[in-house]
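First the structure, in the form of structure tokens, and then the observations on it.
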Amino acid sequence: MKEWSPGRILSVSGGYWQAFTLQNAVKLDIFSSIPERGATLEELSERLDLSIRGLGALMNAICAMGLLKKEGKIYFNTQWSEKFLKKESDDYIGYMIMHHHHLVKAWSRLDEAVRTGRPVRSGPLEDDERENFLMGMFNNAMTIAPEVADVIDLGGKESLIDLGGGPGTYAIYFCLKNPDLKAVVYDLPTTEPFAMKVIERFGLKDRISFQAGDYLKEDISGRYDVAWLSHIIHSLDEKKSYLVIKKAVDVLNSNGLIFIHDFLLDDTMTGPLFPALFSLNMLVNTEGGRSYSAKEVENMLKEAGAKKIDRIDFEGPTQSRIICGIK
């Protein structure tokens, strides 16, 4: 285990300085406003209606972080900010960064949530928050869905339901990998416009449809060869998690596959780090959500009627893992 020093401890304590610098640069549209030829501080200040003093301090800090570079008086994007932080890029991840920004208020009241065991966030997402959340999920999924589709063998399977699928990213890549597969994205009605926009972008409207519903309150229509549940159960308590898994197993055909993809803890519940921290994110934002251990998920699958439960040899960049069962 790596030793803890005062410097390392303080680096963790002050880590939000860099996070806030990045988040507010995205919020203020800094990266997208810098053309290929670069721009001076004065040009950007006028273009974005920002103070010279404030913008100068922000951009110099971003340069220090390595996401901008400065030559004389001209600022340029780096290859990384050009690829990941400009809205025009297909690899843009700014939506997820803004989702993190919206979480700040709840995290600042973590002590209250720990004392009460209750979330400190109240009320539904605002429109801009919901867009950032949905498209942030798309950002995240886009980084790993191609790899997941390569790792999971769906040969011979003809129908898949992407339960709580949001923009439908995983359904898209499963269909791209498996030409004979058709999919249904099941999510709340408010999600449909985002999902259909993304599905259309990939030219898969003839193979991927949207089923609007609330999987906690309503039945799931149809029969499927595959059920894919990605990052669903962490927002639910154990009773509701089992309910959703049971509903998914129930709509599978004989020998159908169910996959649970989530931030899964070890059986000790003390690691890996990201799932452990993510459990705190669920504490401040949800009534009963948390990160579950792989063993807990396996037990829920068994109780729901799944057999031959196995852990897929996969770990995502934020330590997500996949468990599979057969009906």
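Since every read-out is calculated from the coordinates, none of them should be taken as a lab result. Small disclaimer: the values here were computed from a predicted structure and weren't measured. Positions of Cβ are backbone-derived with ideal geometry, glycine not excepted, and every protein chain shown enters the neighbour counts.
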key: Per-selection metrics, the stretch 189-327 (Cα): Rg and Dmax in Å   = 15.5, 45
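Quantify how much of the Cα-Cα distance distribution of the stretch 155-235 extends past 21 Å, in percent. If you can, show how the numbers build up before the last one.
On the way: 630 of 3240 pairs.
That fraction is 19 percent.
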request  = Mind pulling the angle between the C-alpha long axis of helix 127-151 and the longest principal axis of the chain? Nearest 10 degrees, somewhere in 0 to 90.
outcome  = 60 degrees
Fully extended contour minus Cα-Cα distance, from Leu10 to Phe314, at 0.36 nm per residue = 106.1 nm
note = Ranked by GNM mean-square fluctuation in the chain (Cα springs under 10 Å), the top entry among Trp228, Trp107, Trp17 is Trp17
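Sort Lys70, Lys327, Lys307 by Cβ crowding within 10 Å, fewest neighbours at the top. Walk me through the numbers before you get to the answer.
On the way: Lys70 14, Lys327 20, Lys307 10.
Final ranking by Cβ density, sparse to dense: Lys307, Lys70, Lys327.
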Among Ile233, Leu273, His261 - extreme Cα towards positive end, dipole of the chain, charges at beta-carbon = Leu273
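How large is the convex hull of the Cα atoms of the chain per residue, expressed in Å³ as a whole number?
163 Å³
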note = For the pair Asp266 and Glu3, the simple spin-label estimate (label points 7 Å beyond Cα toward Cβ) gives in nm 2.2 nm
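Given the pairs Lys246/Lys327; Lys205/Lys246; Lys27/Lys87, which span a C-alpha to C-alpha distance of over 18 angstrom in this model? Don't skip to the answer; put the middle values down first.
Details: Lys246/Lys327 11 Å; Lys205/Lys246 29 Å; Lys27/Lys87 11 Å.
Flagged as over cut-off: Lys205/Lys246.
How many percent of DSSP beta bridges within the chain run antiparallel, rounded to 5? Don't skip to the answer; put the middle values down first.
Working: 15 of 36 bridges.
For the chain, the DSSP antiparallel bridge percentage is about 40.
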Where labels lie 7 Å past Cα in the beta-carbon direction, separation of Glu46 and Glu218 in nm = 5.3 nm
Rg [Å, one decimal], Dmax [Å, integer] - the stretch 54-98, C-alpha atoms = 11.1, 32
task = Give a quick list of GluC sites (Glu not before Pro) in the stretch 37-131 that DSSP marks as loop, anything other than H, G, I, E or B, with at most 12 other Cβ atoms within 10 Å.
result = Glu88, Glu126
note = Once both label points are put 7 Å beyond Cα along the C-beta direction, the Glu192-Asp180 separation in nm becomes 3.1 nm
message = Which of Leu283, Leu41, Leu264 ends up with the largest GNM mean-square fluctuation for the chain, with Cα atoms connected below 10 Å?
response = Leu41
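Rounding to the nearest 20 debye, state how big the charge dipole of the chain is about its Cα centre with +1 on each Lys and Arg Cβ and -1 on each Asp and Glu Cβ.
Values: 39 positive and 46 negative charges, 95 e Å.
That gives the chain a dipole magnitude of about 460 debye.
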inquiry  = Below 15 angstrom from the Cβ of Asn60, what's the summed charge of the other residues (Lys, Arg +1; Asp, Glu -1)?
reply    = +2
task = Using only Cα atoms, tell me the angle between helix 52-65 and the longest principal axis of the chain; keep it within 0 to 90° and round to the nearest 10.
result = 60 degrees
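Fewest Cβ neighbours within 10 Å first, please rank Val12, Val148, Val184 accordingly. Write down the numbers at each step before the final one.
Details: Val12 10, Val148 23, Val184 20.
Result, fewest neighbours first: Val12, Val184, Val148.
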inquiry  = For a 27 Å ceiling on Cα separation, which of these pairs sit above it: Lys247/Lys295; Lys2/Lys86; Lys83/Lys295?
reply    = Lys2/Lys86; Lys83/Lys295
request  = Sum -39500 (n - 2.57) across every DSSP H segment of at least 4 residues in the chain, then divide by the residue count to get the 222 nm mean residue ellipticity, nearest 500.
outcome  = -13500 deg cm²/dmol
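Write down, largest first, the equivalent ellipsoid semi-axes of the stretch 6-86 in whole Å, where each equals the square root of 5 times an eigenvalue of the alpha-carbon gyration tensor.
Values: eigenvalues 110, 37, 27 Å².
Those come to 23, 14, 12 Å.
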ask   = Tell me, in nm to one decimal, what length is gained between Glu131 and Leu273 on full extension, where the rule is 0.36 nm per residue of separation less the Cα-Cα distance?
value = 48.4 nm
